[in-house]
Amino acid sequence: MASLIEAIGIKRKMYFEYEGAPYHCVGVDVSTPTARGGQTLVRVKMRNLLTGAVFDKTFKAADKFKEPDLVSVPATFLYSDGDGYHFMDQETFDTLTLGAAVVGEGRYLLADNVLLQIQKYNGNPIAIEFPPHVELVVASTEPGVRGDTASGGVTKAATLDTGLEIRVPLFIKEGEKVKVHTETREFAGRA
């Protein structure tokens, strides 16, 4: 039997099941009452892994939740077409196809052969977990102009080969590979 998680034990980045759906804890705040007899309340900012909806919910400290039947499978991105996004499971070498709704904004971080984790809930793929950084190629950017640094703006706009638009330092040129933080979608350095 799956173990139960108390609301007071929920931490940021944990997974738990609530009302039959898997959730990811984005943030948590515990409020302890000062009066006698007051209940400790746990306010959880949580994201539904099936719908992507994010909302706040307050629970009593003793409320219990099941651990969701979540499995992370290592996979590499192969290609995308009209049917969706295709990945190869690194353990079974099966091809997994995810729809555009599941991939969502993550499509801007998908480069050929990038190794990531596909989360499966009850055996069905529901989400993608990216590594901390991905390497992408700069498709277009304006050349850096000498003197732009005087105003303090030492970055310029760049469009990457996946369509993602980020700010990069002036010395980055078209065709260069750059590292991008997958969580913040910001420049992390040259690849």
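The table for this structure:
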| read-out | value |
| --- | --- |
| Residues of segment 12-48 that turn out to be within 17 Å of residue 60 (Cβ to Cβ), assigned to a loop (DSSP other than H, G, I, E, B) and of a type outside the set (Val, Ile, Thr), as a count | 7 |
| Criterion (without any contact (Cβ under 8 Å) to a residue 12 or more places away in the chain and closer than 26 Å to residue 177 by Cβ) met by exactly one of 112, 161, 81, 94 | 81 |
| Residue check for residue 120: at pLDDT 90 or above, basic (Lys, Arg) and either more than 14 Å from the chain's Cα centre (by Cα) or under 28 Å from residue 181 (Cβ atoms) (or both) | no |
| Qualifying residue in segment 56-70 (condition: touching a strand residue (DSSP E or B) at 6+ places or on another chain (Cβ under 6 Å), modelled with pLDDT under 90 and part of a strand (DSSP E or B)) | yes |
| Residues located in segment 18-61, provided they are buried (at least 16 other Cβ atoms within 10 Å of the Cβ) and touching a residue at least 60 places away in the same chain (Cβ under 8 Å) | 22, 49 |
| Identity of the residue in segment 115-129, in contact (Cβ under 8 Å) with a residue 40 or more places away in the chain and polar (S, T, N, Q), that ends up surrounded by the fewest Cβ atoms within 10 Å (Cβ to Cβ) | 122 |
| Filter result for residue 103 (aliphatic (A, V, I, L, M), surrounded by 16 or more Cβ atoms within 10 Å (Cβ to Cβ), at negative phi and not in a strand (DSSP E or B)) | yes |
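The values are calculated or read from the model by the stated rules, or taken from the named source; none is laboratory data. None of these values were measured; they are calculated from a predicted model. Glycine gets a Cβ as well: all are built from the backbone with ideal geometry, and neighbour counts include every protein chain shown.
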